[in-house]
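The structure under discussion appears below in the form of structure tokens.
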Amino acid sequence: MALMDFIRKQFIDIIQWTESDDGTLAWRFPMAEMEIQNGASLTVRESQMAVFVNEGKVADVFGPGMYKLTTQTLPVLTYLKNWDKLFESPFKSDVYFFSTRQQVDQKWGTPQPITIRDKDFGAVRLRAFGNFNFRVADPKLFHTEISGTREQYTVEDLDGQLRGLVLQNISNAIAASGIPFLDLAANQIMFAQALTQQLLPEFTKIGLKLEGLTVQSVSLPEELQKILDQKIGMGMVGNDMGKFMQYQTAQAIPKFAEGAGGGGGVAGDAMGLGAGVALGQVLAQNLQAGLQAAPAAAASAAAASVGVRPDEVMATLEKLGELKTKGILTQEEFDAKKAELLKKLV
């Protein structure tokens, strides 16, 4: 009886894998010195795939289901081993199971600011963070390129490589999208879509499928953030230059009055009060002009054109030129405003 038990232990008649924990991508079935019995049962559960490897060469790949191992269900292995179609003897082969479940909430981020190239601003340094989901899509390719003959390969083992893939493709994603960088920075969904399209082929090369990616935070340099804030302000007023100047005036009043009153004492308070009153009058005029009907606005503009000094027009054009250089105004908006100002000199 003991001899028969010993003989039975040399052959495997059931091959399966029950995942004991999360994060395992590949697992090698423990063969030791045992052989697989002809007609043995192979069970591949949903969200799994199994691969038979003969002497280092990937043979047959199985999706979810139950299989009886014969020459009919192992055609590639049968060919590699030169078996007769009616073989009945046990055989040796490495069997690897792969989890095809989504591996969710994988973090990515830039520990240090990275430099990207942008056609509008040249070199830009930014930091970004988010997460992504992926799964094993091609176990044969993943085995040959990544996991190899290891007994177990986990998400943690792959984490550093995938983070590196994301970071090194951020600049390429922005360039390939053809979308201005400021628009991407202001729209994180658009940024994530551009980065996903860039990464899809990179994941495919190693047998993975990128299921989703999010951008949760983008941090810009202070100077670029100010330009983005101004661009958002323009959008809030419908890209109307007159309304934007009113918006800028309203934003400047508290800072200007605070600076003017910084001298202290009665004189400083008076300066602060005077600055506040003066700017308040300017704001009231701007707001009133913005609320007037079109005919009244046209008449007001005609009246205001009388007596305009050339140096005032040139100063305004210089400020508009700076806004155009920073990307706040388009060339068309600048040209229209320029023509309007030059008419006042005629």
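Once all protein chains are placed together, PHE52 keeps about 0 Å² accessible to a 1.4 angstrom probe. For LEU162, neighbours were defined as the other residues whose beta-carbon sits under 14 Å from its Cβ, and their charges (Lys and Arg +1, Asp and Glu -1) total -2. Within the accessible surface of the range 15-134, defined with a 1.4 Å probe on protein heavy atoms only, the carbon and sulfur portion equals 49 percent. Using heavy atoms of the protein chains and a probe of 1.4 Å, the accessible area assigned to GLU332 is about 130 Å².
The values are calculated or read from the model by the stated rules, or taken from the named source; none is laboratory data. These figures come from a predicted structure and were not determined experimentally. Cβ: placed from backbone, ideal geometry, glycine included. Neighbour counts: every protein chain shown. Ligands, DNA and RNA are stripped out before the accessible areas are found, and what is left, the full protein with its side chains, is counted by its heavy atoms. Shrake-Rupley method; radii C 1.70, N 1.55, O 1.52, S 1.80 Å.
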